[in-house]
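Novice: Sharing a structure below in structure tokens format, with a few things to ask.
The values are calculated or read from the model by the stated rules, or taken from the named source; none is laboratory data. Predicted model only: the values in this text are computed from it and were never measured. Backbone-built Cβ (ideal geometry, glycine too); neighbour counts: all protein chains shown. The area values use the complete protein model at the heavy-atom level, side chains included, leaving out ligands, DNA and RNA. Shrake-Rupley method; radii C 1.70, N 1.55, O 1.52, S 1.80 Å.
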Amino acid sequence: VPRYHSPFLDRVAHAPYSPGGCSALAGVICRELHRCAAPARKAYCLDCDNTLWGGAVGELGVHGVVLSEPYLDVQRRFVARQRRGALLCLVSRNHAEDVRRVLRERSGEMVLQEEHVVAVRASYGIVKSEAVLELASTLCLDPSSFVFVDDSPAECHDVSERAGPKGVGVVHVPRAPEAIGAYLDAC
């Protein structure tokens, strides 16, 4: 917030914060209250294309996907969660072998490594909501401990409608890679 203080409001109403400052403060308070009240999340189901790397591996190939700094920052955030005990799963509309090849053949360029991932569910015909619920069953975890992260509004809607009632959290990241990090911070 460029100006959090409002001298005018402070003088006439003894309310020192600007409307933007009030909004920012309310957002911080709401996020903290939600964090305290929400169920603990133990597993993250991450989309790959345009979430962990730029472009679609099925179209661009293993060496064609983009591993620019915004995508590496996203990977860094989830690897940090993995190091604190979270489970990372990949759920993708790609051939599973293509996803694994990116992890193996581009490992020198990536933060996220194959050993950080506990499960991969990938195929062109995958229904991501079913994959998330199947992962919960396979890993013997309640669906409410899962968060699904994707850039596709349709995929997020599907998971929200089908797995959301079972408690799966959904994070719809922005399409612009440089906006993903700030958005994840706000979540």
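Novice: How many Å² of accessible area per residue for the chain, probe 1.4 Å? Present the calculation step by step, with values, prior to reporting the outcome.
Specialist: Working: 9780 Å² over 187 residues.
Result: 52 Å² per residue.
Novice: How big is the charge dipole of the chain about its Cα centre, in debye rounded to the nearest 20, if each Lys and Arg gets +1 on its Cβ and each Asp and Glu gets -1 on its Cβ? All intermediate terms of the calculation are to be shown ahead of the outcome.
Specialist: Details: 21 positive and 23 negative charges, 131 e Å.
Dipole magnitude for the chain comes out near 620 debye.
Novice: Given a 1.4 Å probe and the protein chains all in place, what does the accessible area of TYR124 round to, in Å² to the nearest 10?
Specialist: Counting only protein heavy atoms, TYR124 exposes about 110 Å² to solvent.
Novice: What list of ³J(HN,Hα) values in whole Hz, one per residue of the stretch 64-79 in order, does the Karplus curve 6.51 cos²θ - 1.76 cosθ + 1.60 (θ = phi - 60°) give from phi, with Gly and Pro shown as x?
Specialist: Going residue by residue, I get x, 5, 8, 10, 7, 4, x, 6, 5, 5, 4, 4, 4, 4, 7, 5 Hz, with x marking Gly and Pro.
Novice: Using the beta-carbon distance between GLU130 and VAL62 and R0 = 30 Å, what value does 1/(1 + (r/R0)^6) give for FRET efficiency, to the nearest 0.05?
Specialist: Working: r = 26 Å, r/R0 = 0.88.
In this case the efficiency is close to 0.70.
Novice: A follow-up question, please. For the chain, with all protein chains present and a 1.4 Å probe, just round the carbon and sulfur fraction of the accessible area to a whole percent.
Specialist: C and S fraction of accessible area: 56 percent.
Novice: A further question follows. State, as an integer percentage, the relative contact order of the chain based on alpha-carbon contacts under 8 Å between residues 6 or more apart.
Specialist: Value for the chain: 21 percent.
Novice: Taking the dipole about the Cα centre of the chain, with the C-beta of Lys and Arg at +1 and of Asp and Glu at -1, give me whichever of VAL147, CYS22, LEU133 is farthest to the positive side.
Specialist: Looking along the dipole axis, the top candidate is CYS22.
Novice: Same structure again: Spelling out what I want: for every residue of the stretch 100-105, take phi, set θ = phi - 60°, compute 6.51 cos²θ - 1.76 cosθ + 1.60 (Karplus), and round to whole Hz; glycine and proline get x.
Specialist: Each residue's phi maps through the Karplus curve to give 5, 5, 4, 4, 7, 6 Hz.
Novice: According to a simple spin-label model (label point 7 Å from Cα along Cα-to-Cβ), what is the distance in nm between GLU178 and ALA154?
Specialist: So the label points at ALA154 and GLU178 sit 2.9 nm apart.
Novice: Roughly what % of Cα-Cα distances in the stretch 10-78 sit above 19 Å, to the whole percent? Intermediate results must be reported in sequence, preceding the final value.
Specialist: Numbers: 1457 of 2346 pairs.
So the pairs more than 19 Å apart make up 62 percent of the total in the stretch 10-78.
Novice: Return one number: the angle in degrees, 0 to 90 and rounded to the nearest 10, between the long axis of the Cα atoms of helix 19-37 and the longest principal axis of the Cα atoms of the chain.
Specialist: 50
Novice: Say the dipole of the chain comes from +1 at the beta carbon of Lys and Arg and -1 at that of Asp and Glu; which of GLY64, VAL159, ALA186 then lies farthest toward its positive end?
Specialist: Most positive-ward Cα: ALA186.
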